[in-house]
Each structure stands twice: as C-alpha cells, then as structure tokens.
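Take a look at the structure set out below.
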Amino acid sequence: MVEPPQIFKMKGAIFVLIFSVVNYCHGYNILVMMPVPFYSHTKSYLPLFIELANRGHNVTMVSPFPLKKPVPNFNEVIIDNSLEKLGMDEMDARDFEEVGFFSKIIMFQLFCPKVIDVTMKSEGLRAFLNDTDSKFDTVITETFCCQEPFIALGHKYGAIQVSVVPVALFLSLARITGNPHIPAYISSDMSASDQVDFWQRSKNTLASVLGYFVTHTSWIYLDHYMRQQFANHTGFDNMPPIVDMFKNISLLLLDNHLAISYPRPYLSNVVEIGGLTITEGDKLDEEWEKYMNESVDGVIYFSWGSHYPTKHIRPHELTAFMSAFGKLKQRVLMKADVDTLPGKPDNVRLAKWLPQASILGHPNLRAFISHGGLHGILEGTYHGVPIIGTPLFGDQKGNVDFCEKAGYCIDVNLNTITEEILLDAINRVLTNSTYKENALRRSQIMKDRPLSVMDNAVYWVEYVLRHRGAPHLRSAAVELSWYQYLLLDVIVVWGAVFVVTVLLLRKSIKCICKLRKSKSKKD
C-alpha cells in the first residue's frame, strides 16, 4: 500500500513533468506561403504542415488547394487557382521539354510574371497581404519555380525563414546559403554523380556556371517584379534585395532522399525530407484485395502520376503500351483518368484513383511502370519494387537514370518506344531476379534511419524556432563574394607575390653573377 507522503511526491513529480512538457511544447505561429498553384509541390510538403499543427503549432497556409477535411490548429487562406485562369491546366508539360535551352530560359522568364500577376489578383491573397494584425514566428516558402518573391513575407513579419525546395540543391541556392556545390562530382542536373571523367567534369562546370548566371539573372528580375507587386501592400517597406533575404534562410528542406541519389556534402542547415508522403499503406478494401490476390501470375502497376492527363499519351506510345500489355500473362493495373482506351486488352484494368502505397506493398505486385516522378520513385523504392521508367520531363530522367544505375530499373525512351522494346524491358525485370534483389537492397537503405523522415523534419523546424533562427548553423561562406569563395583574390595576390619574388630573385642572381664576372676580370 502506497503511503500518503509518497503519493504527494508522485503527484508533485507528475505536475513538474506536465508543466515542463507544456512549456517545452509551446506552439509557434507558422505561416506557410504557397500561393502559386503547383499542386504536386504543395502536396509534397502538406504532411509536414499538418504534422506541425498536430503537434500544437498554429499553422496558417495560403494556398489554392483546400484540405479535404479540417485539421485542428490549421488555418487556411484559400485563394484562386491562377493556372485555371491562364488556361495552363490544359498544357502538355512535355511540349516545354522539346524547345531549345535558350528558348526555355526566355519562356520561363515570361511564365513566372504571368503566373504571379494572376496569383496577386486573387482577392483572398490581397486581403491577407494587407493584414496588419497577424504575427508569425516563422514563414515557410518555396525557393523555386516562381514562388521566390513570397520570401518577402519573412521580411514583413520579421520571422525566421524556412525554405522548401522540390529538387536537389542547385548551385545558386547552395552558394547563397553557404553550401558546397562541387562540379567535379556534382552533376549539372543538380544531383551528385558517379561519373567523374574529364568530359563529365567539363560539362558539369560549364552547365553549373551557366545555370548560376541564369538563376541570378532571374532573381534580379524577380526582385524588381517583387517590389512592383508588393508596393501597394502593408508592411513591405524598405525590403532588402531578394538575394539578401535568401541569405537569411535558416533551414532548407529538400525533397530528396539519400536512397535515390549519390552522396554529397551539406551543412547542418540543409535537411532532406524526401519520403514525407510515404506510408506502408492501409489494408486494401475488399474489391482491390480480391483483384490482387486472384492475380496468380502477378500484377504490373502503371502510373504517370496524378497530374499528367491520359489524353496527352502520344498515339505511338499508347499503341506500344496496349500491344505489349496484351501479350503478358500478368494483369496490368493502369491509373488513368478515362473510362476506356483504344486497343485496351482484357488483362488491363483502368482506374481513376488507386491506393498506390497499398498496391505497391502487395506481395503479388511484380513491377511498376512509372514516369519517374520523385514521389513515385520514392514509393517504389520504399516498397522494393523493380521499375520500368518512362520519363516525361523535368527531373524524371535523372531519377530514372539513378535507379537504372542502382540496378533495379530499366529506362525506356518514349520517343522510340515500340511493343518489342517495352516487352523486352518488362520481361527482363520479371525474369531476372537481380532487379528485385537490388530493389529490396535499396529499400533497406531507405528504411534504415534513426528517425522517421517526418520526425526528423519536425525536429529541425522546431530546432531553428527554439534557437531563434539558429544563426550558429550559418556558414561564413554566405558573406563571401564569388571571387573570395573561389579564393581568386588569394591566388592572384600570392601568385603576384610569388612572381615578383621570382623576378627579384632572378634579377638579384643576375646582378651577383655580373659583379662576380667584373671582379674576376679585374683580378
């Protein structure tokens, strides 16, 4: 039987513990500023924002995409979807890939102002920008693809700046946050590489330098544009240059994962959060469980993501897919936004929505035909599924290339795809056990970590908040000019000293030799 004094001590200890936890778990006010309507980007980070709210922080998100159901502590400022107003929701993103490099640059420079123009006309956004009552401890923005100007919200609220980046760390952002980006082994497509021969290093250097100047030119342009757009709104006076605001970023959250990329160095202010959306998958409902279990020869899952319309599949690609699928004994489960497709064989089943994680995790799944989108690749890797990659645009080619080099993927070029090429790729993946073995090995690498991706991401966001922006993580490289960072001033000065010293030494030796000669003549 517990004595009364012991009960009193226990109650006191519990009270102290609860009081400490309540103080430790003080909720911060967090603004998530993602008004530009790229749903695949917003969706990537949304689990983190919801988790921050679940852990007691007050999260306000400005976005055109409302949550499916309310979340406590999560406030939404819903604005208009500007892509619909621009008519860009009907665009085929692959068309952009087919233009030349410099045409892409020009198109992108014209694209961002158009998107921002329409976005800024949203009444909901304008009202929020003029708000003077709200206070935020941190502002989370995306430092990529037209969202850069909204970093100005961090200046308005005097808040700690956290940046989410949907790609690997590129040179300009690495440079401005003090992170190393070494062309000797970090590829020009923003990923590290295992190819370090002379030509690859030359290509990386040229592409990195060109990319650096293009990005900085874009930032200068967006800086001017930012000042125009925010001039008529409250609290945006005396804004520093956009580049200086980038220098104040306390934490970079990269949508990347070491399991699907080559190793590269980061400072402590960079955290990889690739895999936030991954789950083990719920138990399949009766219909899909029956379908998967009855597929005695297995199932091949086809998905080009949630945002690429089926109608954009080119005729020769559709012919190759349907013809090849019809010759397989396996069933093919195809994610498509249509009810039927020309030439669809009986073993192909179409569905507008599928529980992807649960499908990928089912033991009867044999292979995954993917467009190489980051999250599809991450999910396939997590579940140890061999992949047939059919990249469409953007970083997808790089993602598929890595998986192919890691030995659990085959890259199929859509420009030259035929029934025979696709059948050969599928049969190799199905019959050669090394693809499955390599996929399982890569899955183990992905799962072997001390903290979950979510817990790690939350920890670091709270860390920079607890430490008031964590200035101790900021590298001195942030304040160095480009020639200081590359040690060009050191090389030039000490090179000049060396040359002058050699010249003086040479002259001194000549003088000594001359004196000796003249002396010997006198003797």
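On the given criteria, is Ser44 surrounded by 18 or more Cβ atoms within 10 Å (Cβ to Cβ) and modelled with pLDDT under 85?
It is false that Ser44 is surrounded by 18 or more Cβ atoms within 10 Å (Cβ to Cβ) and modelled with pLDDT under 85.
Hey, among Ser250, Ser218, Ser261, Ser208, which residue is within 21 Å of the chain's Cα centre (by Cα), among the small types (Gly, Ala, Ser) and closer than 30 Å to Thr132 by Cβ?
Ser250
Any chance region 385-396 includes a residue that's buried (at least 16 other Cβ atoms within 10 Å of the Cβ), part of a helix (DSSP H, G or I), in contact (Cβ under 8 Å) with a residue 60 or more places away in the chain and touching a Phe, Trp or Tyr at 6+ places or on another chain (Cβ under 9 Å)?
No.
Conditions tested, residue by residue: (1) within 26 Å of the chain's Cα centre (by Cα); (2) over 30 Å from Gly178 (Cα atoms); (3) loosely packed, with under 14 Cβ neighbours inside 10 Å.
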| position | (1), (2), (3) |
| --- | --- |
| Glu419 | no, yes, no |
| Thr431 | no, yes, yes |
| Ser443 | yes, yes, no |
| Arg449 | yes, no, no |
| Asp455 | yes, no, yes |
| Leu465 | yes, no, no |
| Leu486 | no, no, yes |
| Val493 | no, no, yes |
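For Val214, work out the one condition from (1) touching a residue at least 24 places away in the same chain (Cβ under 8 Å); (2) on the phi > 0 side of the Ramachandran plot it doesn't fulfil.
Val214 satisfies all of (1) touching a residue at least 24 places away in the same chain (Cβ under 8 Å); (2) on the phi > 0 side of the Ramachandran plot except (2).
Restricting to region 277-301, name every residue that is touching an Asp or Glu at 6+ places or on another chain (Cβ under 8 Å) and of a type in the set (A, V, I, L, M).
The answer is Ile278, and nothing else.
Quick one: Trp288 ticks every box in (1) within 30 Å of Leu252 (Cβ to Cβ); (2) assigned to a helix (DSSP H, G or I); (3) of a type outside the set (S, T, N, Q) bar one, so which box is it?
All conditions are met except number (1).
Can you list the helices (runs of 4 or more DSSP H) lying wholly within region 130-234 that have 1 or more residues being open to solvent by 60 Å² or more (accessible area, probe 1.4 Å) and over 25 Å from Leu276 (Cβ atoms)?
152-157, 198-230
Only residues that are among the small types (Gly, Ala, Ser) and farther than 22 Å from Lys329 by Cα: list them for region 425-442, please.
Ala439
Is it true that some residue in region 407-417 is farther than 20 Å from Val332 by Cα, of a type in the set (Val, Ile, Thr) and either open to solvent by 80 Å² or more (accessible area, probe 1.4 Å) or assigned to a loop (DSSP other than H, G, I, E, B) (or both)?
For region 407-417, residues farther than 20 Å from Val332 by Cα, of a type in the set (Val, Ile, Thr) and either open to solvent by 80 Å² or more (accessible area, probe 1.4 Å) or assigned to a loop (DSSP other than H, G, I, E, B) (or both): present.
Restrict the check to region 128-144 and report whether at least one residue is modelled with pLDDT under 85 and either more than 14 Å from Pro35 (Cα to Cα) or touching a Phe, Trp or Tyr at 6+ places or on another chain (Cβ under 7 Å) (or both).
No, that holds for no residue.
Condition check ((1) more than 30 Å from Gly343 (Cβ to Cβ); (2) at pLDDT 95 or above) across all residues:
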position: Ile410; (1), (2): no, yes
position: Asn415; (1), (2): no, no
position: Leu422; (1), (2): no, yes
position: Trp460; (1), (2): yes, yes
position: Tyr463; (1), (2): yes, yes
position: Ala476; (1), (2): yes, no
position: Tyr483; (1), (2): yes, no
position: Asp489; (1), (2): yes, no
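Test of understanding: among Ala439, Ala477, which residue is small (Gly, Ala, Ser), touching a Gly at 6+ places or on another chain (Cβ under 9 Å), over 30 Å from Leu267 (Cβ atoms) and in a helix (DSSP H, G or I)? Even if it seems obvious, please write down each step before you answer.
On the way: Ala477 fails: over 30 Å from Leu267 (Cβ atoms).
After applying the criteria, what remains is Ala439.
State all residues of region 301-343 that are free of Cβ contacts under 8 Å to residues at least 24 places away in the same chain, open to solvent by 70 Å² or more (accessible area, probe 1.4 Å) and assigned to a loop (DSSP other than H, G, I, E, B); if no residue qualifies, say none.
If the condition is that a residue be free of Cβ contacts under 8 Å to residues at least 24 places away in the same chain, open to solvent by 70 Å² or more (accessible area, probe 1.4 Å) and assigned to a loop (DSSP other than H, G, I, E, B), then Asp339, Thr340 are the ones that fit.
Kindly indicate the residue of region 248-286 that is farther than 26 Å from Gly158 by Cα and of a type in the set (A, V, I, L, M) and also most open to solvent (accessible area, probe 1.4 Å) among those meeting that condition.
Selected residue: Leu258.
The values are calculated or read from the model by the stated rules, or taken from the named source; none is laboratory data. In this text, all values refer to a predicted model and were calculated from it rather than measured experimentally. As a convention, Cβ positions derive from the backbone with ideal geometry for all residues, glycine included, and neighbour counts pool all protein chains shown. Ligands, DNA and RNA are excluded from the accessible area calculation, which covers all protein heavy atoms including side chains. Shrake-Rupley method; radii C 1.70, N 1.55, O 1.52, S 1.80 Å.
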